[in-house]
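A.B. asks: The structure is given below, and queries will be raised subsequently.
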Amino acid sequence: MKNLHARVCFSAHGRYHNIRYNSSGCYEYDVVVIGGGIIGTAIAKTIKEKIQQKKVALLEKESDLALYQSSHNSQVIHAGIHYRVDSLKAKLCAEGSNLIYRYCESRNIPVKKCGKLIIATTCLDKFRLNQLYKLGLQNKVYGLELLNNWKKVESIQPNCKGLLALWSPNSGNVDWKNVTQSFANDFKAKHGDIFFNCRVNSIKESTKPSHPLMIAESTNCKVFFAKYAVICLGVHSGTLIQYSKQNDYKNISLQVSYYYLNPKLHRFIKTNIYAMPHIDMPFIGVHLSPTVDDKILLGPNAVPILQLDGYKQSSFDFEYVKDHVLSKGFGLLFLKNFQSCLNQVLEKILSDVRTSTLNKYFPMLSKNDILPGPTAVQGQIVTNDGEFVDDFLIEIFGDEGIQKRIINCRFVPSPGATCSLAIAEMIYAEIAKKLT
Ligand SMILES: Cc1cc2nc3c(=O)[nH]c(=O)nc-3n(C[C@H](O)[C@H](O)[C@H](O)COP(=O)(O)OP(=O)(O)OC[C@H]3O[C@@H](n4cnc5c(N)ncnc54)[C@H](O)[C@@H]3O)c2cc1C
């Protein structure tokens, strides 16, 4: 199996004896994409646009697209600074941000290309920021500049505080739900089919040689026969595939709290202001981000939760807690990152701690300027050794059985939205080898 991050063996599972077969309930497609977030929608659009004569369907369990991660995020177009040089993230972010800027321009989607400052406030941070600068240069991030002269920083973003800053003019902001909707419009314009309220619960081998995959959904008992399938389920990415014990990574979810800045201070924020990425948990980064609808997002702060897509405080799923939260991998991870987890909990519950964290970069904020904002859920994947998987994990065509016909976007965290078109191009290239 060709796996772009790690070798994983899987087989499909699920029961289908209770599915009703009838002529209106069965569909045939060349490619079925499962999951209508930004990743699935970008992939469906790209495949359909490039091989128009093929039949492509997008299946989404909700009644609209992008209701989860793709609409609950920081709304940043990342430039690709801090990803390991040989990683998929580094490669696809540079490529993806260019594609997104061009796409948004072509569709008149509002974008704020206001750049990003990463600020060091301690000597250790200064050392790390220098390293980050070198990494950014290796990743060929456009226009990156290390600003030793604070007057230069002040000219970009007045009223911020620090010792050293890294300036990335190519970072920006966009509403990713808006982008997803536009991808869907392109897909429909090319006669791609979108099925809503369509929760897929199994993929099995069919008895039809022309369409060897049988994809069953539970909401309306529809059955889709396909030649190839691409799975893009966000935090549910591990659920349609059964993994071997050795590769049985655990999907865990964190509840992410954002805040809004008091509107009376909006005029002071000119760019994205980021703290140094967290050492143990680089996916958590304090930041102030101007959105395209003229708000300033603050945050985020992240704590583990008890349900895979637990947007509500009270969300609880016994199976998830038993299989994932109480797993060895998660236990080890928690012990290794105990201090960071504790800090995150303190920031969540104590507004003074939250304010003082933000004050390190932007001193003019007071407690009353930090208003409640949206909640998001961030998926992470943890190995059995208690480590976070830190790159995209995209499993491409296995060696045997129906595995040969499935691509699973197992883990597409930030900067996934920025990379969506680049990921879609990569997956299209794999599918095209088989279909044409
Ligand atoms: C807090 C946070 C901040 C982020 N900030 C940024 C940022 O600033 N910039 C950036 O580039 N990226 C960011 N990201 C990353 C980005 O949001 C994700 O990479 C991207 O949204 C992932 O899209 P997706 O389509 O894989 O997942 P999702 O958007 O979660 O979509 C998955 C879809 O699959 C559907 N689904 C699930 N199970 C089934 C099933 N059985 N049958 C049918 N459908 C199903 C769901 O309903 C959902 O619509 C952030 C992520 C988070 C969580």
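The values are calculated or read from the model by the stated rules, or taken from the named source; none is laboratory data. Treat the numbers as computed from the prediction; the structure is a model and nothing was measured. All Cβ positions, glycine included, derive from the backbone under ideal geometry; neighbour counts span all protein chains shown.
A.B. asks: For the stretch 392-412: of the residues being within 19 Å of Ala90 (Cβ to Cβ) and crowded, with 21+ Cβ neighbours inside 10 Å, which is nearest to the chain's Cα centre (by Cα)?
C.D. replies: Val412
A.B. asks: Filter the stretch 76-88 down to residues that are more than 21 Å from Ile43 (Cβ to Cβ), touching a strand residue (DSSP E or B) at 6+ places or on another chain (Cβ under 9 Å) and either near the ligand (Cβ under 7 Å from one of its atoms) or among the basic types (Lys, Arg) (or both), then give me how many there are.
C.D. replies: Summing the residues that are more than 21 Å from Ile43 (Cβ to Cβ), touching a strand residue (DSSP E or B) at 6+ places or on another chain (Cβ under 9 Å) and either near the ligand (Cβ under 7 Å from one of its atoms) or among the basic types (Lys, Arg) (or both) in the stretch 76-88 gives 1.
A.B. asks: Could you please find all residues in the stretch 397-432 being part of a helix (DSSP H, G or I) and modelled with pLDDT under 95?
C.D. replies: Gly401, Ile402, Gln403, Lys404
A.B. asks: Name the residue, out of Lys91, Lys61, Lys55, that is within 13 Å of the ligand (Cβ to nearest atom) and either under 12 Å from the mean Cα position of the chain (by Cα) or not assigned by TED's automatic domain parsing to the domain that holds Asp294 (or both).
C.D. replies: The match here is Lys61.
A.B. asks: Taking the stretch 227-248, which residues are touching a Lys or Arg at 6+ places or on another chain (Cβ under 8 Å) and either polar (S, T, N, Q) or more than 14 Å from the ligand (Cβ to nearest atom) (or both)?
C.D. replies: Answer for the stretch 227-248, where residues must be touching a Lys or Arg at 6+ places or on another chain (Cβ under 8 Å) and either polar (S, T, N, Q) or more than 14 Å from the ligand (Cβ to nearest atom) (or both): Lys227, Tyr228, Ser237, Asn247.
A.B. asks: Please go through the stretch 330-358 and give me each residue that is hydrophobic (A, V, I, L, M, F, W, C), surrounded by 18 or more Cβ atoms within 10 Å (Cβ to Cβ) and over 21 Å from Val389 (Cα atoms), ordered by number.
C.D. replies: Leu358
A.B. asks: Here's another thing I want to ask about it. Given the criterion surrounded by fewer than 18 Cβ atoms within 10 Å (Cβ to Cβ) and away from the ligand (no atom under 11 Å from the Cβ), identify the matching residue among Lys152, Lys222.
C.D. replies: Values: Lys222 fails: surrounded by fewer than 18 Cβ atoms within 10 Å (Cβ to Cβ).
On inspection, the qualifying residue turns out to be Lys152.
A.B. asks: Would you please name the residue that is nearest to Ile407 (Cα to Cα), looking only at residues in the stretch 249-273 that are touching a helix residue (DSSP H, G or I) at 6+ places or on another chain (Cβ under 9 Å) and within 11 Å of the ligand (Cβ to nearest atom)?
C.D. replies: The residue in question is Ser253.
A.B. asks: If Phe392 passes every condition in (1) over 23 Å from Gly96 (Cα atoms); (2) among the hydrophobic types (A, V, I, L, M, F, W, C); (3) in contact (Cβ under 8 Å) with a residue 24 or more places away in the chain but one, which one does it miss?
C.D. replies: Evaluating Phe392 over (1) over 23 Å from Gly96 (Cα atoms); (2) among the hydrophobic types (A, V, I, L, M, F, W, C); (3) in contact (Cβ under 8 Å) with a residue 24 or more places away in the chain leaves (1) as the failure.
A.B. asks: Would a scan of the stretch 97-118 turn up a residue that is part of a loop (DSSP other than H, G, I, E, B), in contact with a Lys or Arg (Cβ under 9 Å, 6 or more places away or on another chain) and either away from the ligand (no atom under 16 Å from the Cβ) or of a type in the set (Phe, Trp, Tyr) (or both)?
C.D. replies: Looking for residues that are part of a loop (DSSP other than H, G, I, E, B), in contact with a Lys or Arg (Cβ under 9 Å, 6 or more places away or on another chain) and either away from the ligand (no atom under 16 Å from the Cβ) or of a type in the set (Phe, Trp, Tyr) (or both), one finds none in the stretch 97-118, hence no.
A.B. asks: Which condition does Thr239 not pass, out of (1) closer than 20 Å to Lys89 by Cβ; (2) in a loop (DSSP other than H, G, I, E, B), if it passes all the others?
C.D. replies: Against the list (1) closer than 20 Å to Lys89 by Cβ; (2) in a loop (DSSP other than H, G, I, E, B), Thr239 comes up short only on (1).
A.B. asks: Oh, and also: Can you confirm whether Tyr274 is among the hydroxyl-bearing types (Ser, Thr, Tyr) and either modelled with pLDDT of 95 or more or touching a His at 6+ places or on another chain (Cβ under 9 Å) (or both)?
C.D. replies: Criteria met by Tyr274.
A.B. asks: Now, a different point. Take the conditions of a type in the set (A, V, I, L, M), within 11 Å of the ligand (Cβ to nearest atom), farther than 17 Å from Pro282 by Cβ and in a strand (DSSP E or B) and apply them to Ile394. Does it pass? Give the derivation first.
C.D. replies: On the way: of a type in the set (A, V, I, L, M): yes; within 11 Å of the ligand (Cβ to nearest atom): yes; farther than 17 Å from Pro282 by Cβ: yes; in a strand (DSSP E or B): yes.
Judged against the criteria, Ile394 is a match.
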